[in-house]
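K.L.:
One structure coming up, written as structure tokens, with questions to follow.
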Amino acid sequence: MFRSLWQYRHFVLSSIYNDLFAQFARSKLGGLWVIINPLSQVLIYALILSNILAAKLPGIDNKYAYAIYLMAGLLSWNLFSEIIGRCLNLFIEQANIMKKMSFPRITLPTIVVGSCMLNNLLLFISMLGIFALLGHQFTLVMFWLIPLTLIVVTLSLGIGLILGVMNVFVRDIGQAFSVILQVWFWFTPIVYPLTIIPESYRHLMQLNPMYSLVDAYHQILVYNQAPEIQSIAIISVIACVLALVGLFLFRRASAEMVDVL
Amino acid sequence: MSLLSVNNVSKAFRSYSSEWKRFARWFGLPLKPREELWVLRHINFEIHAGEAIGIIGQNGAGKSTLLKMITGTLQPTEGEIKINGRIAAILELGMGFNPELTGRQNVFHAAGLMGFSREEIQQAMPDIEAFAEIGDYFDQPVRIYSSGMQMRVAFAVATAYRPEILIVDEALSVGDTYFQHKSFSRIREFQEKGTTLLIVSHDRSAIQSLCNRAILLEKGTVIKDGNPEEIFDFYSALIAEKENSTVEVTKLEDGKTQTSSGTGEAKIEEIVLYNSKGETAEVVGVGEKVELQFVIHVNEDIKSLVLGCGIKDRLGEMMFGTNTFNTRQIINQPKDGDIFIFKVSFFANLGVGSYSIHASLVEEQSHIEKNFQWLDRALVFSVVNFDKYEFVGSQWNEMNFTFEKK
């Protein structure tokens, strides 16, 4: 599998480039749109919710703290939901090419991961720019984002592959999961701090695998602190298991997928 | 060693009462599918280097499924396919082209999908560009291409590298006539260099001119494998075959075969060829006036009777043919026991060589509606040049040269 991936590296790279290029083609602002979308989201939440929530954001005295908090959460959530969202319909969208050409199927999710990571990187760089404007400096702690990004990718790829493969056979999954993803977003402390949840329910948040990741992003980007190793370790194990299940399912299903597409 | 061997391959499309059972099967649970639809059953054949094979069959016979399994996009349910060498397929041309990218970028992408590295693609790029012949458009976005231009680029990429096996699926009619010739000669060039061809087509002349072997698929099984001419005759007979009719193949003395089929309400009992002197003949001269005589017995009351007759060359290519529907000489309401004698006269304006008579008895315009009898190679005769000047080609047409010196 990895050997064929290496053999097709050129195809993977040019596909990632094409993905990026296709987003810009024939638009005046081009690449800016990759950044404008999530940032306008930040702006909307910041304008509407900051008055209600900003006061409750503990332990930081920057008046733009809430905006930074939002951006940190969205940075990880966008990567997570973009990979899952694209994996969900990946095989259905690529049905034609899968039916007609023989090439290593593993290249398809690889392209998704590559182009989502690239988008995420662009988003991160622009966020750094805004952070600088808001008087929030770049720190060495931010290097923690590299392993964290990899964990988010592994987790979302695992979930995405499992659901994407199943979605080929049961199309309801794709529909259902886009709803679930929205609910999930609101059940993760991204636009609100954990503290607004009543103490007695807070432990339920531990069941949400995205919680510890988003929390780690917050620790790093908002509080300039290294994330909590223990919860990160647990989530990495979960992510790896899910990714392995996803890969296993993907390999088992590869042959049958083309039959029903 | 064979280039491609297909061993006892079968393909079933499974459906389950619940898709969850399918998922459970991947994890090793021994669940039975509710229904298995076998589209191919026990296919066996071997292909050796340099062969050119036509795969023919009616729609739904399983041709595309077989090709997809050979290409590797579908996995066989049973049996195995062994391939020694690279396969390229000219299936849906131009698929996966991104309309916003230029022709050149799309070529990069498509060749990457075929598994080539950047350097290999860069090396082949000038050839691809030259072969496609679309000039400056090559560096314009594909969305402004005409469909013919897209086809040209797609064909140029698909055939940029000589594969060991080339699969061509109904795609020989690419673009305009000029490009068709060009793509045809590229395929021939590959063939000469040793590429094995695997062609799916309903175009008899394309298959007969390119292939030296044909495989006939019917209802998911290989029913015949052999010389293209013979297979095509059998195939035409098969199409003509309707309820309770039979297909009969007889070996002729010269080793070739004669295919006869039909429902038998009327039958050709005798066919004789007379030369210009009124003698029965097996050899006639170029341009000689000859006459064919058919004796036809009607075995049942039928609505109408049409005799079709044609001359085919040794490759099975129809030289000329028509029927009494076209000449408006339909026999209406023939009765059981009627005997008709048809005389067909024509000039043997044919090139030197061996020809055969094809005859059919049908009810209407063609053999698709009702076919009483369909007879290939009903009679074989040779044309020799007695009294004309030497010429080449498959037909005689007197050319008169005049010239003057200025």
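The values are calculated or read from the model by the stated rules, or taken from the named source; none is laboratory data. Every value quoted in this text rests on a predicted model; they were computed, and no experiment measured them. Quick reminder, even Gly has a Cβ in these numbers, built from the backbone with ideal geometry, and neighbours come from all protein chains shown.
K.L.:
Take A:Leu155 and decide whether it is over 14 Å from A:Tyr217 (Cα atoms) and either modelled with pLDDT of 80 or more or of a type outside the set (Lys, Arg) (or both). Let's see the steps before the verdict.
P.N.:
Numbers: over 14 Å from A:Tyr217 (Cα atoms): yes; either modelled with pLDDT of 80 or more or of a type outside the set (Lys, Arg) (or both): yes.
When the stated conditions are applied, A:Leu155 passes them.
K.L.:
Right, something else. Would it be correct to say that B:Arg143 is within 28 Å of A:Glu93 (Cα to Cα) and away from chain A (no Cβ under 11 Å)?
P.N.:
Judged against the criteria, B:Arg143 is not a match.
K.L.:
Would you list the strands (runs of 3 or more DSSP E) that sit entirely within region B:300-372 and hold 3 or more residues that are in contact (Cβ under 8 Å) with a residue 12 or more places away in the chain and of a type in the set (Phe, Trp, Tyr)?
P.N.:
Numbers: elements: B:304-313, B:318-323, B:339-347, B:353-362.
It comes to B:339-347.
K.L.:
Would you point out the residue of region A:1-34, among those that are of a type in the set (A, V, I, L, M, F, W, C) and touching a Gly at 6+ places or on another chain (Cβ under 9 Å), that is nearest to the other protein chains (Cβ to nearest Cβ)? Walk me through it before giving the result.
P.N.:
So in region A:1-34, the residues of a type in the set (A, V, I, L, M, F, W, C) come out as A:1-2, A:5-6, A:11-13, A:16, A:20-22, A:24-25, A:29, A:32-34.
Going one step further and asking which of them are touching a Gly at 6+ places or on another chain (Cβ under 9 Å), we end up with A:11-13, A:16, A:20, A:24.
On the way: A:Phe11: 3, A:Val12: 8, A:Leu13: 8, A:Ile16: 11, A:Leu20: 12, A:Phe24: 9 Å.
Top of the filtered list is A:Phe11.
K.L.:
Which members of region A:138-175 meet the condition of being within 14 Å of another protein chain (Cβ to nearest Cβ) and among the hydrophobic types (A, V, I, L, M, F, W, C)? Before the answer, list the steps.
P.N.:
Looking only at region A:138-175, we keep the residues that are within 14 Å of another protein chain (Cβ to nearest Cβ), and these are A:161-174.
Hits for region A:138-175 are A:Leu161, A:Ile162, A:Leu163, A:Val165, A:Met166, A:Val168, A:Phe169, A:Val170, A:Ile173.
K.L.:
If I ask for residues that are in contact with an Asp or Glu (Cβ under 8 Å, 6 or more places away or on another chain) and closer than 19 Å to A:Asn18 by Cα, which ones from region A:69-109 would you list?
P.N.:
Restricting attention to region A:69-109, the residues satisfying the condition of being in contact with an Asp or Glu (Cβ under 8 Å, 6 or more places away or on another chain) are A:96, A:100.
Matches in region A:69-109: A:Asn96 only.
K.L.:
Any residue that is under 27 Å from A:Thr110 (Cα atoms), out of contact with any strand residue (DSSP E or B) (no Cβ under 9 Å at 6 or more places or on another chain), surrounded by fewer than 17 Cβ atoms within 10 Å (Cβ to Cβ) and of a type in the set (A, V, I, L, M, F, W, C) - is there at least one of those in region B:87-98?
P.N.:
For region B:87-98, residues under 27 Å from A:Thr110 (Cα atoms), out of contact with any strand residue (DSSP E or B) (no Cβ under 9 Å at 6 or more places or on another chain), surrounded by fewer than 17 Cβ atoms within 10 Å (Cβ to Cβ) and of a type in the set (A, V, I, L, M, F, W, C): present.
K.L.:
When residues of region A:226-239 are filtered for being touching a residue at least 60 places away in the same chain (Cβ under 8 Å), outside any helix (DSSP H, G or I) and surrounded by fewer than 19 Cβ atoms within 10 Å (Cβ to Cβ), how many remain? It would help to see each step written out before you state the result.
P.N.:
We begin by selecting, within region A:226-239, every residue touching a residue at least 60 places away in the same chain (Cβ under 8 Å); these are A:226-227, A:232, A:235-236, A:238-239.
Next, from what is left, pick out any that are outside any helix (DSSP H, G or I): A:226-227.
From the residues that got through so far, the ones that are surrounded by fewer than 19 Cβ atoms within 10 Å (Cβ to Cβ) too are A:226.
Here the count works out to 1.
Residue-by-condition table, conditions (1) among the hydrophobic types (A, V, I, L, M, F, W, C); (2) crowded, with 21+ Cβ neighbours inside 10 Å:
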{"position": "B:Leu40", "(1), (2)": "yes, yes"}
{"position": "B:Ala49", "(1), (2)": "yes, no"}
{"position": "B:Ile53", "(1), (2)": "yes, yes"}
{"position": "B:Gly60", "(1), (2)": "no, no"}
{"position": "B:Thr71", "(1), (2)": "no, yes"}
{"position": "B:Pro76", "(1), (2)": "no, yes"}
{"position": "B:Ile83", "(1), (2)": "yes, no"}
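K.L.:
Within region A:224-237, is there a residue that is β-branched (Val, Ile, Thr), over 14 Å from A:Val141 (Cα atoms) and at pLDDT 90 or above? Please lay out each step first, then the result.
P.N.:
Initially, region A:224-237 is screened for residues β-branched (Val, Ile, Thr), giving A:229, A:232, A:234-235, A:237.
Next, only the ones that are over 14 Å from A:Val141 (Cα atoms) stay: A:232, A:234-235, A:237.
If we keep only those that are at pLDDT 90 or above as well, we get A:237.
Yes, because at least one residue in region A:224-237 is β-branched (Val, Ile, Thr), over 14 Å from A:Val141 (Cα atoms) and at pLDDT 90 or above.
K.L.:
Which of the residues spanning region A:13-36 are farther than 29 Å from A:Ala72 by Cα and modelled with pLDDT of 80 or more?
P.N.:
A:Ser14
K.L.:
Say we look at region A:127-139 and pick out the residues that are surrounded by 18 or more Cβ atoms within 10 Å (Cβ to Cβ) and more than 22 Å from A:Ile151 (Cα to Cα); which of these is modelled with the highest pLDDT? Can you show your working first?
P.N.:
From region A:127-139, those surrounded by 18 or more Cβ atoms within 10 Å (Cβ to Cβ) are A:127, A:131, A:136; that's our starting set.
Retained after the next criterion (residues that are more than 22 Å from A:Ile151 (Cα to Cα)): A:131, A:136.
Details: A:Phe131: 80, A:His136: 75.
In this case the residue turns out to be A:Phe131.
K.L.:
Looking at A:Leu249, A:Leu242, which is the one that is more than 14 Å from chain B (Cβ to nearest Cβ) and either of a type in the set (A, V, I, L, M) or outside any helix (DSSP H, G or I) (or both)? Even if it seems obvious, please write down each step before you answer.
P.N.:
Numbers: A:Leu249 fails: more than 14 Å from chain B (Cβ to nearest Cβ).
From the options A:Leu249, A:Leu242, the qualifying one is A:Leu242.
K.L.:
A further question follows. Only one residue in A:Tyr211, A:Tyr217, A:Tyr201, A:Tyr223 is in a helix (DSSP H, G or I) and in contact (Cβ under 8 Å) with a residue 60 or more places away in the chain. Which one? First the steps, then the outcome.
P.N.:
Numbers: A:Tyr211 fails: in contact (Cβ under 8 Å) with a residue 60 or more places away in the chain; A:Tyr201 fails: in contact (Cβ under 8 Å) with a residue 60 or more places away in the chain; A:Tyr223 fails: in a helix (DSSP H, G or I).
It is A:Tyr217.
K.L.:
Of the residues that sit in region B:35-61 and are within 14 Å of chain A (Cβ to nearest Cβ) and either assigned to a loop (DSSP other than H, G, I, E, B) or among the hydrophobic types (A, V, I, L, M, F, W, C) (or both), which one is nearest to B:Asn8 (Cα to Cα)?
P.N.:
First pass over region B:35-61, keeping only residues within 14 Å of chain A (Cβ to nearest Cβ): B:35-40.
Next, from what is left, pick out any that are either assigned to a loop (DSSP other than H, G, I, E, B) or among the hydrophobic types (A, V, I, L, M, F, W, C) (or both): B:37-40.
Working: B:Leu37: 17, B:Trp38: 13, B:Val39: 13, B:Leu40: 10 Å.
Looking at the filtered set, the residue picked out is B:Leu40.
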